[in-house]
Amino acid sequence: MLNLIKYEIRGKLLTILGICLTVIIGNLFLMTKVSSGGIGIPLLSTVLGIGALIVISISTLTIMSDYLYDDQGYLLFTLPQSGVSILASRLITAVIQISIVGIVSLAMFCLLDQGRTWNAMLQGATLPEMLYSILMYLWTIVSTLTFIYFCMVIGRIALKGKKIGKIGSFIIFFILSIVRNGLAFLIANFFPQIVQFDSVTTVTMNIGSTLFDVMIFGLLFMATSYLLEHKVDL
């Protein structure tokens, strides 16, 4: 699995560097306009960072698409790697890639903002809340990508054609998203117990829907791993 992680990071290294350089150069340019731009300059830096995260997130999806539809898949699925290793390496690599771009974007924003926003957030935050924020950050990436990868694999298996498979994956994602969100809403109503954190902002977590999300993640992870290993026919 470590070899897969190194291979994927090496394959997207230029993309990561290009995005990071774009963020750095863009923020350096914005720094020259700070005196005349007012609040619009930090806003532009935020937009630049969000755009960079969107681009690298899309890049993480193209790797799985290449595995499923392009020649890279022939090499990958002939290696002695289990479906769990393939999916886990894909998720770990995505976390690393997104985190690198996110850290660079945040660092440049803090440099432009002279750390005012960052200091304001840290002053009211406690250690448990910071750990919770980190866990939620990791959970959001891993759970979201696992759900998307599951839809991509289902589309690839059910619809053999490249274009049809990709369109079908989007439709499957749309339908399953509605179903999952509807079930989470119902469960949250049946089990309204919540855990609340009060700091800079108030964060609430519904226990029922959280357990549901964890269960769905486990099922999707195992299902996707099994399908990658046994059902994807290249």
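Where a number appears in this text, it was derived from the coordinates with a stated rule and is not lab data. As the structure is a computational prediction, the values presented were derived from the model and not from experiment. Glycine gets a Cβ as well: all are built from the backbone with ideal geometry, and neighbour counts include every protein chain shown.
A few notes on this one:
- Per-residue Cβ neighbour counts within 10 Å put V214, V142 in the sequence V214, V142, beginning with the fewest.
- Taking T22, T146, T93 and counting other C-beta atoms within 10 Å, the order from fewest to most: T22, T93, T146
- Paramagnetic reach from K33 in the range 95-117 [backbone N under 20 Å; point 7 Å along Cα→Cβ]: 105-115
- Taking packing as the residue-averaged number of other Cβ atoms within 10 angstrom, the listed peptides 128-137, 46-55 run from highest to lowest as 46-55, 128-137.
- P(r) histogram, all alpha-carbon pairs of the range 125-234 included - 5 Å bins from 0, percent: 2, 11, 16, 19, 17, 13, 9, 7, 4, 2, 0
- Using θ = phi - 60° in the Karplus curve 6.51 cos²θ - 1.76 cosθ + 1.60, the 3J(HN,Hα) couplings for the range 17-22 round to 4, x, 5, 4, 5, 4 Hz; x is entered for Gly and Pro.
- Highest-first arrangement of 8-17, 172-181, where packing means the average Cβ count within 10 Å: 8-17, 172-181
- Order of M64, M222 - criterion: other Cβ atoms within 10 Å of each residue's Cβ, fewest first: M222, M64
- Cα centre as origin, Lys/Arg/Asp/Glu Cβ charges: the range 125-234 dipole, Debye: 700
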